[in-house]
1. Hey, can you tell me all the residues within region 96-119 that are in contact with a helix residue (DSSP H, G or I) (Cβ under 9 Å, 6 or more places away or on another chain) and of a type in the set (S, T, N, Q)?
2. Of all residues in region 125-143, which are crowded, with 21+ Cβ neighbours inside 10 Å and either under 17 Å from the mean Cα position of the chain (by Cα) or within 16 Å of Thr225 (Cα to Cα) (or both)?
3. Within the bounds of region 186-196, is there any residue that is of a type in the set (Ser, Thr, Tyr) and surrounded by fewer than 21 Cβ atoms within 10 Å (Cβ to Cβ)?
4. Considering only region 120-228, give the strands (runs of 3 or more DSSP E) lying wholly within it that have at least 1 residues that are in contact with a helix residue (DSSP H, G or I) (Cβ under 6 Å, 6 or more places away or on another chain) and within 30 Å of Thr78 (Cα to Cα).
5. Quickly run through region 85-99 and pick out the residues that are surrounded by 15 or more Cβ atoms within 10 Å (Cβ to Cβ) and farther than 20 Å from Asp42 by Cβ.
6. Can you pull out the residues in region 29-57 that are assigned to a strand (DSSP E or B) and of a type in the set (Phe, Trp, Tyr)?
7. Kindly establish whether Ser107 is at pLDDT 95 or above, hydroxyl-bearing (Ser, Thr, Tyr), out of contact with any Cys (no Cβ under 9 Å at 6 or more places or on another chain) and more than 19 Å from Leu166 (Cβ to Cβ).
8. Can you tell me which residue among Gly202, Gly177, Gly193 is farther than 17 Å from Tyr23 by Cα, at pLDDT 95 or above and not charged (D, E, K, R)?
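The values are calculated or read from the model by the stated rules, or taken from the named source; none is laboratory data. The structure presented is a predicted model; accordingly, all values stated were derived computationally and were not measured. Here the Cβ positions follow ideal geometry from the backbone for every residue, glycine too, while neighbour counts run over all protein chains shown.
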Amino acid sequence: MTIILSTNLLAGTRDPSVPDDKYIEYGKKFHYVVNICGIYEDNTLFCGSAVVISPRIILTAAHVVKNSKHCGIHIDNTKVILIDTVICHKDFSGNFGEADIAICSLSKDLDLTFYPDLYVDNDEVGKICCMAGYGLTGTFFTGQIISDGKKRAGSNKIDIVEKDLLICSPSKMGEHGRTTLEFMITSGDSGGGLFIDGKLAGINSCVLAVGKPPTSTYGEESGHTRVSKFAPWILENKEALEKKKND
């Protein structure tokens, strides 16, 4: 039986042979991946990750922000920008990995030096990718065990496409395709980004395991909502939200 882990409650597990500080240092390059926190309608708190694609627009996982009452993005633990509009994809029914994407508008501009373009080609399988977020951390042996609020980033290879998801898995030492900063998403990385050649190709969605609760260890898989599939929806809503801001 396959179990899909919700990752919106609590950044990534790593290759046990690589020091953690390398992942933290790499994470600093992704200034357009931000922390998102808020309150649901039932007054429970949540935190996750998001990707800024223009001064007023972010993308995240639908399961992170659906039914949120208030939320905002946190930049470097010093600045908060509130979110004033949340649009979850109409096909998201609450099942992780199925149309798990949302577009949101910010209450004011976030001026960055770079915003990632969308990856729109359908050739993701076999590509080297990088991913970033604010989730729990640990190694592929220990699984997710520590929450320190730090952004981490690493690399992997896209194994397959399954329905709406790009699928990755951690490689062991000596295995073909192992990358230098082998990385897997964990709880809290949901809504962060997977990138190919600097373009946003996936939104972190879930972790899958067979016969046990997922903890982002060897033998498990991560799922990332496929941006190329949803690019027309993203661009249509991005244009509408930006036009609304300018009216």
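1. If the condition is that a residue be in contact with a helix residue (DSSP H, G or I) (Cβ under 9 Å, 6 or more places away or on another chain) and of a type in the set (S, T, N, Q), then Ser105 is the only one that fits.
2. Of everything in region 125-143, those that are crowded, with 21+ Cβ neighbours inside 10 Å and either under 17 Å from the mean Cα position of the chain (by Cα) or within 16 Å of Thr225 (Cα to Cα) (or both) turn out to be Cys129, Cys130, Met131, Ala132, Gly133, Tyr134, Gly135, Leu136, Thr137.
3. Of region 186-196, the ones of a type in the set (Ser, Thr, Tyr) are 186-187, 190.
The next check asks that each one be surrounded by fewer than 21 Cβ atoms within 10 Å (Cβ to Cβ); those that pass are none.
No, region 186-196 has no match at all.
4. 128-133, 152-162, 199-210
5. Passing the criteria: Thr85, Ile87, His89, Gly97, Glu98, Ala99.
6. Tyr40, Phe46
7. Numbers: at pLDDT 95 or above: yes; hydroxyl-bearing (Ser, Thr, Tyr): yes; out of contact with any Cys (no Cβ under 9 Å at 6 or more places or on another chain): yes; more than 19 Å from Leu166 (Cβ to Cβ): yes.
Answer is yes for this residue.
8. On the way: Gly177 fails: at pLDDT 95 or above; Gly193 fails: farther than 17 Å from Tyr23 by Cα.
Matching residue, one of Gly202, Gly177, Gly193: Gly202.
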